[in-house]
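Working notes, structure below.
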Amino acid sequence: MLTIYNDRHALHHGKLEMFRGELVPCFEVPARADYVLQELQQRRLGPIEEPSAFDDAAIARVHAQRYLDFLSGAWDEWVALDPANATRDALPSYWPIRTFRSDVLPASFPARMGLFSYDAGTPLTSGTWTAARAGACCALTAAARVLQGDRAAFALTRPPGHHAGVDFFGGYCFLNNAAIAAQSLRDAGVERVAVLDIDYHHGNGTQAIFYERADVQFTSLHGDPHTEYPYYLGYADERGAGEGLGFNHNLPLARGSGFAQWREALATALRGIAAFKPGALVVSLGLDTFAGDPIAGFTLATADYLRVGEDLSRAGLPTVFVFEGGYAVAEVGANAVNVLEGFMQ
Ligand code: Q9C
Ligand code: ZN
């Protein structure tokens, strides 16, 4: 399988995230992609190519312009506040929740940072914009290659994307690579695109982006938000709205679920996708369903990921894989490549 990769991902290297009342080392680190790259090379899964150049228009098909303007200039604004900020990452402190206005754009940088985010676990660093933008280009290139006839392609990107919405970051995500890829497929003439999110955490950003649309179906398998991040979205009764009613499918599973239960939910998801008759599939490929993941609660084993790839392959669709979560760093390469290898068999 073709992989699209760029080493600029490493320019996003957060130091600390807020977790249980203290700042702890980030779970989402550059080594995650390095391990996947190494595994792809060792197992000779296929060519590894650089992304093509895209202008911001393809990204602006999904994200609000004022959010992109904020993100692209955020690091310089942060350092302008205090030169000593250059030694520490930016984290938000204020959020305009219910009863506050979200149409205002305060001059204060910290105030805008909160306006465009929803958690304190997603540090913005000197290289965040460059890395995230390069990642979106990887997703766009993978989608373009699938349109040109590759059966599947893998966008090996970080930071991940599926928690990012039209105008907010969070959950380690800044640009929604899977949504950008799906939209690019639509714009190239694919009438119906399915997005399947198999990260442990509900893809709240992707769901929100397509919630009122019937042309992009969103299906997610994830830890039950009653107990699992992102908590405030991902429940089974979220079915879409307006024209999008019936095109959003959440399959939450209890923390502790194993592969047998998970695979049954995957089969349900794939039946719904087949009924939609999409022209292409985008898979948000999170590997934090692994038993050894430090921040998640399912118990999939490394060998199970081969079966996951086989099941996905049986959908018979042109498929764009986009790398998302997975924080058992030493195992994330084997787990990711098992999915891709199982798919190609
Ligand atoms: N610090 C993705 O997998 N924090 N994002 C959970 C541990 C947020 C995960 C608590 C987890 C976000 C792409
Ligand atoms: Zn995740």
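Of the residues that sit in segment 163-173 and are away from ligand 1 (no atom under 11 Å from the Cβ) and outside any strand (DSSP E or B), which one is farthest from PRO318 (Cα to Cα)?
Residue satisfying both the conditions and the ranking: ASP167.
List pairs: first residue in segment 225-241 and at positive phi and without any contact (Cβ under 8 Å) to a residue 24 or more places away in the chain, second residue assigned to a loop (DSSP other than H, G, I, E, B) and not polar (S, T, N, Q) anywhere in the structure, Cβ distance under 8 angstrom, at least six positions apart or on different chains.
Every condition considered, the pairs that remain are TYR231/PRO225.
Of a type in the set (A, V, I, L, M, F, W, C), assigned to a loop (DSSP other than H, G, I, E, B), touching a strand residue (DSSP E or B) at 6+ places or on another chain (Cβ under 7 Å) and surrounded by fewer than 22 Cβ atoms within 10 Å (Cβ to Cβ) - does that describe any residue in segment 266-282?
No, segment 266-282 contains no residue that is of a type in the set (A, V, I, L, M, F, W, C), assigned to a loop (DSSP other than H, G, I, E, B), touching a strand residue (DSSP E or B) at 6+ places or on another chain (Cβ under 7 Å) and surrounded by fewer than 22 Cβ atoms within 10 Å (Cβ to Cβ).
Out of ALA330, ALA291, I need the residue that is without any contact (Cβ under 8 Å) to a residue 12 or more places away in the chain and surrounded by fewer than 24 Cβ atoms within 10 Å (Cβ to Cβ). Which one?
ALA291
Consider VAL36 against the criteria (1) out of contact with any helix residue (DSSP H, G or I) (no Cβ under 7 Å at 6 or more places or on another chain); (2) within 16 Å of ligand 2 (Cβ to nearest atom); (3) at pLDDT 95 or above: it satisfies all of them except one. Which criterion is unmet?
Here VAL36 clears every test but (1).
Kindly indicate the residue of segment 53-101 that is in contact with a helix residue (DSSP H, G or I) (Cβ under 8 Å, 6 or more places away or on another chain) and acidic (Asp, Glu) and also surrounded by the fewest Cβ atoms within 10 Å (Cβ to Cβ) among those meeting that condition.
In this case the residue turns out to be ASP56.
I'm trying to understand the selection: among the residues of segment 29-67, which are touching a Phe, Trp or Tyr at 6+ places or on another chain (Cβ under 9 Å) and part of a helix (DSSP H, G or I)?
ARG32, ALA33, VAL36, LEU37, LEU40, ARG66, TYR67
Looking only at segment 174-189, which residues are within 13 Å of ligand 1 (Cβ to nearest atom) and either touching a Lys or Arg at 6+ places or on another chain (Cβ under 6 Å) or not in a helix (DSSP H, G or I) (or both)?
PHE174, LEU175, ASN176
Given the criterion charged (D, E, K, R), more than 16 Å from ligand 1 (Cβ to nearest atom) and buried (at least 20 other Cβ atoms within 10 Å of the Cβ), identify the matching residue among GLU50, GLU39, GLU28.
Result of the check over GLU50, GLU39, GLU28: GLU39.
I'm trying to understand the selection: among the residues of segment 225-245, which are surrounded by 13 or more Cβ atoms within 10 Å (Cβ to Cβ), in contact with a Lys or Arg (Cβ under 9 Å, 6 or more places away or on another chain) and not charged (D, E, K, R)?
Scanning segment 225-245 gives GLY240, GLY244.
Scanning segment 315-326 for residues that are part of a strand (DSSP E or B) and of a type outside the set (Phe, Trp, Tyr), which turns out surrounded by the fewest Cβ atoms within 10 Å (Cβ to Cβ)?
Here the residue is THR319.
List the residue pairs whose Cβ atoms are under 7 Å apart, where the first residue sits in segment 92-111 and is under 17 Å from ASP167 (Cβ atoms), the second is in a loop (DSSP other than H, G, I, E, B) and modelled with pLDDT under 95, and the two are 6 or more positions apart or on different chains.
PRO96/SER102
So which residues in segment 279-328 are away from ligand 1 (no atom under 15 Å from the Cβ), within 26 Å of LEU147 (Cα to Cα) and charged (D, E, K, R)?
Selection gives ARG307, GLU310, ASP311, ARG314.
So, of the residues in segment 294-312 that are in contact (Cβ under 8 Å) with a residue 40 or more places away in the chain and part of a helix (DSSP H, G or I), which turns out to be nearest to PHE247 (Cα to Cα)?
So the residue we want is LEU312.
Residues in segment 68-110 that are part of a helix (DSSP H, G or I) and not hydroxyl-bearing (Ser, Thr, Tyr): how many?
19
Within segment 2-24, track down each residue that is near ligand 1 (Cβ under 10 Å from one of its atoms) and either in a helix (DSSP H, G or I) or surrounded by fewer than 18 Cβ atoms within 10 Å (Cβ to Cβ) (or both).
If the condition is that a residue be near ligand 1 (Cβ under 10 Å from one of its atoms) and either in a helix (DSSP H, G or I) or surrounded by fewer than 18 Cβ atoms within 10 Å (Cβ to Cβ) (or both), then MET18, PHE19, ARG20, VAL24 are the ones that fit.
Which condition breaks for LEU312 when tested against (1) surrounded by fewer than 24 Cβ atoms within 10 Å (Cβ to Cβ); (2) over 24 Å from ASP34 (Cα atoms); (3) touching a Phe, Trp or Tyr at 6+ places or on another chain (Cβ under 9 Å); (4) not β-branched (Val, Ile, Thr)?
(1)
Specify the residue that is farthest from LEU124 (Cα to Cα); the eligible residues are those in segment 163-182 that are away from ligand 2 (no atom under 15 Å from the Cβ) and of a type in the set (A, V, I, L, M, F, W, C).
Across segment 163-182, the extreme among qualifying residues is ALA182.
The values are calculated or read from the model by the stated rules, or taken from the named source; none is laboratory data. Computed from a prediction, not measured in an experiment: that's the story for all the values here. Using ideal geometry, Cβ is built from the backbone for each residue, glycine included, and neighbour counts are taken over all protein chains shown.
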